[in-house]
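First the structure, in the form of structure tokens, and then the observations on it.
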Amino acid sequence: MTLTLSGLSKTYGDFELGPIDLEISNEVFCVLGPSGSGKSTLLSLLAGTADPNRGSLAVDGRSMSGLPPEARRIGLVFQDGALFPHLSARENVEYASENPEYVSELTRLLAIEDVLDRRPANLSGGERQRVALARTLASEPDVLLLDEPLSSLDEPISRRLRGDLDRLFETLDVPVVYVTHDQRTATALADRIAILRDGAVAQVGTPTDVLEHPASRFVAEFTGNENVFEIRIGTDENGRHGHVGNTALRSEGESGALPWLDSPSAVSAVTVCVHPSRIDFREISSSEKPAYQIPVIVERWLHENDTYRVFARVAGGPVLTATMSRMAFERLEFSRGEETTATIPVDSIHVLERVTR
């Protein structure tokens with residue numbers, strides 16, 4: 001199956017979504033964006049609860065124009081599940097299908113066999129979402145839409161359900177459009193991610209591409225990349241080099257090289273980003289990939305569940321943020337105010353903006 005959006009647009013007062021051109025095949029396609037970016041409007045257009053002002057929507061070449069939601073074969077799982085409160089979990093699922101074998105397969109796949117005789121009010125949040133998924137899938141949709149299905153759940157339940165969803169999506173052979181504000185969910189589940197901003201698509205790509213090679217400063221900062229800073233480009237007897245604050249960039253085996261910058265002689269400064277997961281605090285050997293070694297002072301750190309976020313300042317320059325596992329952090333035995341070395345792989349530097357000479 002292929003979901004095709006061609007010039008799809010919708011206007012509400014001063015807000016306009018689109019035009020959007022996308023082709024979504026049998027994959028998990030996550031849509032991220034801040035509040036008011038157009039995520040809910042896009043979902044409404046796909047589901048058929050709103051009509052576009054311009055453009056078209058088709059599933060495997062079959063136009064959705066003018067079709068009511070019930071005729072589109074597009075399934076939607078709501079944030080709260082939207083189960084029928086007077087029906088049991090079993091009756092909710094069976095309501096959408098006349099195939100008892102498929103219903104049995106779904107209840108087993110989603111591990112809800114033990115709660116089928118309960119009504120929604122007697123289900124936990126995670127159980128309600130599993131039942132809602134089973135009911136939607138029981139109708140055998142050509143496209144599956146999910147509207148923030150984990151947003152109301154506690155983190156331990158969300159983590160478990162992310163694992164369940166990942167296994168479920170591997171069994172499906174339809175486009176899955178997953179709208180969420182949770183970047184952890186998007187990066188865990190998505191084959192591709194779309195970032196929306198003010199009704200426009202700011203970037204589409206794999207989770208790795210979007211996180212490590214953002215198309216703009218907005219995408220970098222929105223996806224949690226705190227390391228957005230300026231590198232000044234200069235010249236000395238060793239050729240072109242860069243400065244971060246008062247520190248000259250020098251890499252093992254590539255002194256003065258700027259392989260991440262095209263035509264460095266024409267540029268006086270660049271704004272770059274480096275994903276926090278790519279910064280380390282250790283000396284490297286000449287046999288490893290080229291990396292810049294930058295003296296820093298450790299200012300503070302945050303213990304965030306199973307990871308640490310470390311903040312270290314470059315002399316006369318920015319504060320760099322690094323994320324690392326608990327084991328890696330404890331091995332370093334940091335103290336506040338400690339002088340150490342931040343290691344930044346040369347290939348992890350992504351240029352966002354250039355200032356020409």
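Against the condition at pLDDT 90 or above, under 27 Å from Ala188 (Cα atoms) and touching a Gly at 6+ places or on another chain (Cβ under 8 Å), how does Lys10 come out, does it pass?
no
Name the pairs whose Cβ atoms lie under 7 Å apart, with the first residue in region 99-112 and more than 17 Å from Arg167 (Cα to Cα), the second of a type in the set (Asp, Glu), and 6 or more positions between them or separate chains?
Hits for this filter: Val103/Glu94.
Is it true that Thr180 is within 22 Å of Ile20 (Cα to Cα) and of a type in the set (Ser, Thr, Tyr)?
So Thr180 passes the test.
Looking at Arg54, is it closer than 20 Å to Ala200 by Cα and basic (Lys, Arg)?
Yes, satisfied.
Looking at region 287-308, I want the residues that are outside the structural domain of Arg159 (by TED's automatic domain parsing) and modelled with pLDDT under 90 and have a partner that is of a type in the set (Asp, Glu) and assigned to a loop (DSSP other than H, G, I, E, B) with Cβ atoms under 7 Å, at least 6 apart or on another chain. Which pairs are those?
Listed pairs, sorted by first residue: Pro290/Glu252; Pro290/Glu254; Ala291/Glu252.
Looking at Arg119, Arg72, Arg135, which is the one that is buried (at least 18 other Cβ atoms within 10 Å of the Cβ) and more than 23 Å from Gly7 (Cβ to Cβ)?
Of the residues listed, the single one that is buried (at least 18 other Cβ atoms within 10 Å of the Cβ) and more than 23 Å from Gly7 (Cβ to Cβ) is Arg135.
When you scan region 204-221, how many residues do you find that are surrounded by fewer than 21 Cβ atoms within 10 Å (Cβ to Cβ) and under 11 Å from the mean Cα position of the chain (by Cα)?
Count: 6.
Show the residue pairs that are 6+ apart or on different chains and have beta-carbon atoms under 6 Å apart, the first residue being within region 233-251 and farther than 15 Å from Ala269 by Cα and modelled with pLDDT under 80, the second being assigned to a loop (DSSP other than H, G, I, E, B) and small (Gly, Ala, Ser).
Listed by first residue and then by second, the contacts come to Asn238/Ser255; Asn238/Gly256; Gly239/Gly256.
Can Leu196 be described as assigned to a strand (DSSP E or B), buried (at least 22 other Cβ atoms within 10 Å of the Cβ) and either assigned by TED's automatic domain parsing to the domain that holds Leu150 or hydrophobic (A, V, I, L, M, F, W, C) (or both)?
yes
If only one of Phe29, Phe78, Phe84 is aromatic (Phe, Trp, Tyr), in the same structural domain as Leu145 (by TED's automatic domain parsing) and closer than 13 Å to Val177 by Cβ, which one is it?
Phe29
The values are calculated or read from the model by the stated rules, or taken from the named source; none is laboratory data. On a predicted model such as this, the values are computed, not experimentally measured, just so you know. Ideal geometry is used to build each Cβ from the backbone, glycine not excepted, and the neighbour counts take in all protein chains shown.
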